[in-house]
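The values are calculated or read from the model by the stated rules, or taken from the named source; none is laboratory data. Keep in mind it's a predicted model, so treat the numbers as computed, not measured. Glycine also receives a Cβ, built like all others from the backbone with ideal geometry; neighbour counts cover every protein chain displayed. We work out accessible area using only protein heavy atoms, side chains counted, and drop any ligands, DNA or RNA first. Shrake-Rupley method; radii C 1.70, N 1.55, O 1.52, S 1.80 Å.
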Amino acid sequence: MPREPTRAKWVVPLPRGTEPPYRVFVNGVPQREGVDYELHGRVLVFDRPLQKEGRLGFWRWLSMFLSIAGTYRKNDSVDVQYTAGGRQHVATGLEIIPPDREGRPAPGS
């Protein structure tokens with residue numbers, strides 16, 4: 001029997017001490033568990049591409065500083081509203097681990 005091809009997964013570790021329920025947003029748009037992402041232990045797993053803009057190199061930073069050019073790279077933001085210690089909190093701009101790093105342990109796990 002042929003194996004089903006595995007789809008690439010983008011992983012977002014949740015902050016320590018978080019407790020459900022979670023409200024998840026990507027670029028400010030509410031996400032639905034089971035539809036837009038899956039919850040696997042203490043990580044959110046997305047099967048659609050998510051990207052964080054990396055650090056700016058010197059020349060790109062200089063060109064932006066001098067208003068010669070801007071930056072137009074994709075920069076997704078994953079934000080989560082959660083409960084910790086009985087109080088509501090919001091974590092913004094969580095780390096996105098792309099599929100090529102998926103086998104490495106997530107920070108804080």
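Within the set of pairs 6 or more residues apart or between chains, which connect a residue that is assigned to a strand (DSSP E or B) inside the stretch 81-99 to a residue that is surrounded by 16 or more Cβ atoms within 10 Å (Cβ to Cβ) and of a type in the set (A, V, I, L, M) with Cβ atoms less than 6 Å apart?
ALA91/VAL80; ILE97/VAL11
Would you confirm, using the coordinates I've provided, whether ALA106 is at pLDDT 65 or above, among the hydrophobic types (A, V, I, L, M, F, W, C) and under 28 Å from LYS9 (Cα atoms)?
So ALA106 fails the test.
What single numbered condition from (1) modelled with pLDDT of 95 or more; (2) surrounded by 13 or more Cβ atoms within 10 Å (Cβ to Cβ); (3) out of contact with any Leu (no Cβ under 9 Å at 6 or more places or on another chain) fails to hold for VAL80?
(3)
Just to be sure I understand, how many residues within the stretch 36-76 are open to solvent by less than 90 Å² (accessible area, probe 1.4 Å) and either modelled with pLDDT of 95 or more or outside any helix (DSSP H, G or I) (or both)?
So the count comes out to 22.
Where the second residue is open to solvent by 90 Å² or more (accessible area, probe 1.4 Å) and the first is touching a residue at least 12 places away in the same chain (Cβ under 8 Å) and lies in the stretch 29-47, which pairs have Cβ atoms under 6 Å and are six or more apart or on separate chains?
Filtered contacts from the stretch 29-47: LEU39/GLU33; ASP47/ARG7.
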